[in-house]
1. How big is the antiparallel share of DSSP beta bridges in the protein assembly as shown, given as a percent to the nearest 5?
2. Each residue of region B:549-561 in turn: what ³J(HN,Hα) in whole Hz from Karplus with 6.51, -1.76, 1.60 and θ = phi - 60°, glycine and Pro shown as x?
3. Please work out the Cα center distance from region B:672-722 to region A:184-238, rounded to the nearest Å.
4. For region B:126-179, go through all pairs of different Cα atoms, get the mean of 1/r, take its inverse, and jot down that Kirkwood value in Å.
5. Specify which residue in the list B:636, B:600, B:659 is farthest towards the positive end of the charge dipole of region B:591-709, using unit charges on the beta carbon of Lys, Arg (+1) and Asp, Glu (-1), about the Cα centre.
6. For residue B:693, put the label point 7 Å out on the Cα→Cβ axis and report which residues of region B:521-561 keep their amide N under 13 Å from it.
7. Quote the convex hull volume per residue of region B:386-483, based on C-alpha atoms, as a whole number of Å³.
8. Whole percent per 10 Å bin, from 0 to the bin with the longest distance: what is P(r) over all C-alpha pairs of region B:119-239?
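What follows draws every value from the coordinates through simple rules; no lab data is involved. In this text, all values refer to a predicted model and were calculated from it rather than measured experimentally. Cβ atoms come from the backbone with ideal geometry, glycine included; neighbour counts cover every protein chain shown.
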Amino acid sequence: MMDFLTPVTWADALAVKADRPEAVPVAGGTDVMVELNFHRRRPAALLDLTRVPELAAWGRDGDVLRVGAGVSYTRLIEELGGLLPGLAAASRTVGSPQIRNRGTLGGNLGSASPAGDGHPPLLAAGAVVELASVRGTREVPVADFFTGPKRSVLAPDELIAAVLVAPADGPEQFAKIGTRNAMVIAVSSFALALHPGRRSVGTGIGSAAPTPRRAPEAEEFAAAHLPWDGPGPLDPDLARRFGELVSAAAAPIDDVRGTAAYRRHSLSVLARRTLTWAWEELCE
Amino acid sequence: MTTAIGRPIDRVDGPAKVTGAGRYSADVPLPGLVHAVVVGSRIPAGRIISIDTRAAEQANGVLAVLTHLNLPKGGSVPPLVPSLAGAAATGQTFFPMQDEVIHYAGQHVAVVVAETLEQAEHAATLLRIDYAAAPFVTTVEQGREQAYEARRIFGGFLPGRVERGDVDAGLAEAAVTVDLGYRYAANHHNPIECSATTAVWQGDRLTVYDATQGPNATLHTLAELLNVMPSHIRVVTDFVGGSFGCKAMIWDHPALAALAARHVGRPVRLALSREQMFSSVGHREQQEQQLTLGADAQGRLTAVRHHKLSPTSHFDDWAEPSLGVASQLYACPNYQGVYRLIRANTMTPTFTRCPGEASGMFALETALDELAERLGLDPLEIRLRNYAETTPGDGTPWSSKKLRECYRRGAELAGWDRRDPRVGALRDGDTLLGWGMATSAYPCYQPGNPQRARARLYADGSAVVQASISDIGTGSATAMTQVAADGLGVQLERVRFQYGDSDLPNTAAAVGSAGAGMVSAAVHVATTALRDQLIAQALADPGSPLHGADPRQVTVAEGRMALRERPDVGETYAALLQRAFMADAEAVGTWNPPPDTSGGSMTFGAQFAQVAVDPDLGLVRVRRLIGVFDAGRILNRKTAHSQLMGGMIWGMSHALLEGTRMGPDGRWANASLGEYLVPVNADAPEVVVETVESTDTVVNPLGVKGVGEVGMVGTAAAIANAIHHATGKRLHRLPITIEDLL
């Protein structure tokens, strides 16, 4: 038998999670239900978070946006596409319309798949994950959230409350390679954010390492060498070098969807292209 | 007079399907219904040492656990005969759960029956089965050394070797030769509806609701497997959610459902899971082909040597006939085709849309492209130079062939003559563009038995026309309604076509693209027989305005018989029947098919593909597919074009996406729709479909050549040829992967 726990307030949800740390949180169910249906796991309890209204809300909190963990991909696209264009672009590549209606930002983080489509733009934007338990709340940078394939710093009694992220202050791009045009797990993906105000660059790599990860050397290189003062056409060599650095930051493996060599190669192309597109957008 | 045939009318079963009212074989509600779940072997070879069923038997709701130790014995396994023959049509000559031996992974080793599906699924997980594993072969690579030349293949219907002329002499005299090796992944069908059977016994009579391409094939197979008289079995198939060959033959699950139902004394539903669909209903086998072409300096073929190597099961010599169409399409005097097989630990492979035609023609049509390149000929020109005016085998005339018109129209739609033929010459920014073309062809197979239909006209002028055929989603029920309306001379709205029931007049299974041709023949014969019968009655009736008229002068339209030259002289069917106090009139029509026409009769087509290749990433996007087909008479332009379009998109999928991988453990490694890729809407290009109507007086009364599969033949080759035009790369392996293009 499996218990199905249905708190209706955030406080109750945290209390239930503290009481039943083995309970698996479920929101859209687009990952959890697949695992159950394929008998890959049989948790003693499911913790249904769909009735907790706080999780489905988003709003401004000072300089940042606080996006509830229960906000669906469809809402990220429709309601936050202007403020978080990179995340919205990634959300458009998730599954099918039905999956985007059900799947949530928090669920994506909770699953902590190296291939999660939402992770690279959150990394590029420097987002922070807000974790909560009856013990209190803590904020973890997305870059520190993932600890391995399908593993994160989330403690057994914690739930993901929200993502804190600044609205885009420059062009954001997302690119993904799949074996078909939709409904597909990424072979590799890459997100880029330009911050012309502070002359910095954010990156996020997906499906090419045990966890989603940034490419810090590529970020520093681009920040140092992009012609911030006199925006004009991008030097192709600069874009190429950026791509090489992104590729070097990956630690991919061979699997049924693609080889490690292709993942590295494709990342260098995606990084070069997204930087070129973002720079063109900045110059417009 | 034709008024309904050809019109692009909507599907008669469409509203029921889109509203969810349609009942598929796993939807039939029955009082007392219980659920069966099959359990497959985890190993591909060896034997069962023990099965501990105690925990499963004691689980909530469980009614029975059947294994080889207690499965009630029935009749015998019939020979493997394609279901188009109209007889029993077992998918393989092995029936499971007779002993402890394991021949392939997924082989059904137990059936658990419980009150609910969930209880049955749970109990199935409680079975403890210990196996003794044995060495196995599941791939071409593992079995290459033990390959043998097949004496006969395809249920014994085809020889393992075909030769005409002298292929060695033909190659010796060739000015140019190409010798190419091709490799193909295995494929699975993946219809949206998984196979399912609901079985209910009433005394010694069995009713089966089965997802099948042939209700009669299910009936006759069950009769033999269960040792029950055919008269005591009825098979009902109201709706089928696609099939593509996996429901063309009858596998073991319908019999297991019937045996389980008899064992527990309750109606039993057995629905295969998506994963079980990969190891229960056959597949298109992994294969290699070696193709050698020789041509003279003008590009005329002097020799074709085409060998195939593929794994089959331990029970049956099965290979899809990959060499057939490719041997018949072009005028070439010297030919040799050989099938070699490997005994492997898989189930017997089976029909998968374009069984053989798709793979063999991929080889031939890409090799021709290479030959054309070597000779400096346009790909279309080399095909025209080898155009077979008569059948290459014995030189008999084709039943009909407007392939030249297909080439011409397709080239016009594609702008073929205006393209820059140089490799890599076409670009869209950094994207490389390419055009390729290929020929499509699919034989007109004939059923092995007479096809029957019954037509009944009621006194109000409405009609019911019946045949046992199931509509597997092709639109045949709609097309038959049109054929019946024209045969009787009544309005379409007045006709109901009843189908999908073995109690109705006999037809063979809807397979081999033959369904529309053979069933339209029976419906045409039955409805025109009834029309003629009613005309004769009017001519003999002193009360009729047509009394004494010449029957050749009478026509019927909108339910009214009238003189051709004097339309005012006539009366309605309704008036005739009512005057005679007849509630209805009825006729049965039987169509006796001609002997096998597959050698001299084909649906033909020409396909053109435009692809875009991202050279940095190795990504191929098909931008445009153009297909022009000569399929004889088109019964319904909408459903026929949908079939052709679906076939072309399937061909694109064959080229770029589909492949079942065998794992090192001897099990299919990607047995799910998440990992076995089929195209999504976002992959579908612009598809242009046209048909060139031809008159065919050989194949069947209405000259219908069939559209169910031909759309797929040639698509993959056209795409591969387009990729070459874009990139210069020649690809000989399907599916084509990203890494092939880097």
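1. 80
2. Per residue, the Karplus-derived 3J(HN,Hα) values read 6, 7, x, 5, 8, 9, 10, 10, 8, 6, x, 10, 8 Hz.
3. Spelled out, the Cα-based centre of one part sits 44 Å from the other.
4. 16.3
5. B:636
6. none
7. That works out to 238 Å³ per residue.
8. Final binned percentages: 8, 18, 23, 26, 14, 8, 3, 0.
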